[in-house]
Amino acid sequence: MLFSILIASLVPLTFLLIVHWLNFFGTHRASLLYIALAWGAFSVLLSYLVDHPLVPIVGRPFVGVRIGPAVEEIFKSLVLLYLVRRADYSYFVDGAIYGFAAGIGFAVAENMLYLSRVDVDTGIIVSISRAFSASVMHGGSTALVGIVVGGFPLARALHPVVAWVVGLALAIAYHTAYNRIAFEALGARGLWILLAMALGGLAVIVLAIRWGLRRERRRVRKALGLRGGVARGEAHLIQHAEDLDDMLAPVGARFGAATRDEVAEVLLLAAQLAIKETQLRSTRDRELQVELAGEVATMRRELRERRRRVGMYVMSYVRSVVPHARWSIYARLGHALARAPGAGASSLWATLGGRVGTRPRDASTMHDHVTRALAAPHSD
């Protein structure tokens with residue numbers, strides 16, 4: 001049973017780590033992520049107290065399809081009304097991540113509830129099927145609410161409660177469709193349909209996050225243009241924050257890994273400050289404006305202090321050596337795979353390179369080919 005518990009908990013948390021990794025600006029807070037996880041787990045109890053007494057009255061299928069989705073989505077997403085009205089909330093990508101965390105917290109707790117009712121052999125099947133389908137669905141449905149409450153696509157023009165209701169309608173429809181298939185006697189075909197629905201929902205969330213990050217990059221560029229004291233090279237790095245590990249490699253080689261990490265923190269903080277300043281200018285909530293102004297002032301002081309610790313010479317070097325290649329998530333993934341233990345000539349990139357086309361003779365992997373192409377001179 002221990003193996004089943006590990007699968008039912010670690011696999012959903014791994015999906016959360018993947019979604020968390022997508023937000024390269026790092027605007028969400030770890031403490032709020034834990035709050036969302038804990039609330040999601042607690043909402044299982046609240047949902048059970050409402051749903052379970054109704055099962056003997058109207059039957060489990062009726063509760064599972066007609067009542068359960070609404071009850072669960074309401075309780076799971078209540079925490080978002082608190083999280084997105086805080087000054088340390090930045091934009092709808094944060095809402096997506098907090099919503100996904102709440103859904104994953106719910107899924108892990110519900111998985112434990114299911115495993116408590118089955119034997120060891122059945123537990124393996126239950127844990128695997130739920131870890132890759134129901135758990136992802138729960139995360140995706142609450143992430144939908146977080147996206148809408150967080151301001152997509154209306155830039156927070158709706159009142160949070162109205163946005164919450166709109167997001168709930170989407171999440172409940174998605175959850176209801178999933179449960180309807182789950183209660184149909186479709187056998188193995190039904191399991192594949194559920195998996196496709198769950199992963200399809202996850203794909204929608206990922207695409208929304210990627211779109212939001214691209215939009216935010218444009219807003220950061222505009223905000224940096226309005227603020228003095230940010231050199232062109234530094235602004236370029238901030239706009240490509242997802243690739244700081246690779247773009248700051250020359251800094252690490254010259255000054256060491258510790259200095260490279262400090263520079264990365266400075267640049268990410270500058271990006272977060274630009275996002276926060278944009279949010280301050282756009283919000284109409286007077287109370288939130290006061291909170292945001294205080295946080296912006298604190299971030300400015302922290303940024304000045306971190307710049308001072310890094311030193312003018314290092315920052316000047318950073319601005320002078322910044323590469324001008326445009327990076328993509330595929331190149332980023334390539335670097336991650338290349339750094340993985342055991343990566344070498346027989347890596348995935350090498351295999352793909354051999355199938356896609358002829359590589360330059362001095363390139364040992366497909367990733368090298370991509371790197372050379374990205375580094376080639378071009379016009380922006």
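All of (1) assigned to a helix (DSSP H, G or I); (2) in contact (Cβ under 8 Å) with a residue 60 or more places away in the chain; (3) not aliphatic (A, V, I, L, M) hold for residue 95 with one exception: (2). Please tell me if residue 13 is under 26 Å from residue 268 (Cβ atoms) and either among the hydrophobic types (A, V, I, L, M, F, W, C) or touching a His at 6+ places or on another chain (Cβ under 8 Å) (or both). When the stated conditions are applied, residue 13 passes them.
Against the numbered list (1) at pLDDT below 80; (2) not hydrophobic (A, V, I, L, M, F, W, C); (3) not in a helix (DSSP H, G or I), residue 214 comes up short only at (3). Across region 1-39, the qualifying residues are those that are closer than 20 Å to residue 147 by Cβ and of a type in the set (Phe, Trp, Tyr), and the one among them that is surrounded by the fewest Cβ atoms within 10 Å (Cβ to Cβ) is 21. Looking at 106, 132, 42, just one residue is in a helix (DSSP H, G or I) and buried (at least 20 other Cβ atoms within 10 Å of the Cβ), and that residue is 106.
I'm trying to understand the selection: among the residues of region 45-79, which are of a type in the set (D, E, K, R) and either closer than 17 Å to residue 145 by Cα or crowded, with 22+ Cβ neighbours inside 10 Å (or both)? The answer is 72, 73, 76. With respect to residue 167, is the statement that it is touching a Phe, Trp or Tyr at 6+ places or on another chain (Cβ under 8 Å), in contact (Cβ under 8 Å) with a residue 12 or more places away in the chain and either buried (at least 18 other Cβ atoms within 10 Å of the Cβ) or farther than 16 Å from residue 77 by Cβ (or both) true? When the stated conditions are applied, residue 167 does not pass them.
Residue by residue, here is whether (1) touching a residue at least 24 places away in the same chain (Cβ under 8 Å); (2) among the polar types (S, T, N, Q); (3) in contact with a strand residue (DSSP E or B) (Cβ under 7 Å, 6 or more places away or on another chain) holds:
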position: 101; (1), (2), (3): yes, no, no
position: 109; (1), (2), (3): yes, no, no
position: 121; (1), (2), (3): no, no, no
position: 127; (1), (2), (3): yes, yes, no
position: 131; (1), (2), (3): yes, no, no
position: 135; (1), (2), (3): yes, yes, no
position: 139; (1), (2), (3): yes, no, no
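Is it fair to say residue 82 is under 30 Å from residue 279 (Cα atoms), surrounded by fewer than 23 Cβ atoms within 10 Å (Cβ to Cβ) and of a type in the set (Ser, Thr, Tyr)? Spelling it out, residue 82 is indeed under 30 Å from residue 279 (Cα atoms), surrounded by fewer than 23 Cβ atoms within 10 Å (Cβ to Cβ) and of a type in the set (Ser, Thr, Tyr). The residues listed here are 303, 288; of these, the one that is under 15 Å from residue 315 (Cα atoms) and surrounded by 14 or more Cβ atoms within 10 Å (Cβ to Cβ) is 303. Apart from one condition, residue 249 fits all of (1) within 28 Å of residue 279 (Cβ to Cβ); (2) modelled with pLDDT under 75; (3) of a type in the set (A, V, I, L, M, F, W, C); the exception is (1).
The values are calculated or read from the model by the stated rules, or taken from the named source; none is laboratory data. What you are looking at is a predicted structure, and each value in this text was computed from that prediction instead of being measured. Positions of Cβ are generated from backbone atoms using ideal geometry, with glycine treated the same way; all protein chains shown enter the neighbour counts.
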